[in-house]
Amino acid sequence: MSVQEELMPTELGQIKIADEVVAIIAGLAASEVEGVAGMSGGIAGGIADMLGKRNLAKGIKVEVGDRQTAVDIYVVIKYGARIPDVAWRIQENCKHAIESMTGLEVTRVNVHVQGINFDSEKIEETEEESQMR
């Protein structure tokens with residue numbers, strides 16, 4: 001049992017929710033938001049380490065207490081998306097998913113935008129537009 005696992009007493013015993021479970025829920029919820037290009041490895045992984053859906057807990061840091069949890073999410077946003085709106089939707093989606101699936105109260109969801117993903121077609125169009133001017 002991890003030090004950070006959640007212990008919830010019931011009539012029949014305790015329910016344990018591991019940090020990894022909360023991180024996976026948060027990662028899935030964040031990746032569902034329109035405008036999110038992917039999860040970033042965070043500071044340790046570096047900005048360049050874009051992670052796919054196989055590593056949903058990567059780019060997520062959670063702190064689980066007795067009845068509450070706090071989440072830090074490291075994301076890469078798609079070029080053209082309005083960053084504050086995407087970040088707000090990530091916060092709302094993660095809070096709702098974690099609270100509904102685990103029963104934990106989410107005290108905060110910190111969104112760290114680690115980079116912008118440029119679609120290669122848009123980059124080529126921008127270069128062509130620049131050459132035409």
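The values are calculated or read from the model by the stated rules, or taken from the named source; none is laboratory data. Owing to the predicted nature of the structure, the values given are computational and were not obtained by experimental measurement. Neighbour counts are summed over all protein chains in view; Cβ atoms, including those assigned to glycine, are modelled from backbone coordinates with ideal geometry.
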Applying the selection to the stretch 38-54, what residues are out of contact with any helix residue (DSSP H, G or I) (no Cβ under 8 Å at 6 or more places or on another chain), modelled with pLDDT of 70 or more and outside any loop (DSSP other than H, G, I, E, B)? S40
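For the structure I just gave you, tell me whether I77 is closer than 19 Å to I24 by Cβ and either in a strand (DSSP E or B) or not aromatic (F, W, Y) (or both).
For I77, the condition - closer than 19 Å to I24 by Cβ and either in a strand (DSSP E or B) or not aromatic (F, W, Y) (or both) - is not met.
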Residue that is farthest from the chain's Cα centre (by Cα), among those in the stretch 1-37 that are surrounded by 20 or more Cβ atoms within 10 Å (Cβ to Cβ) and modelled with pLDDT under 90: E6
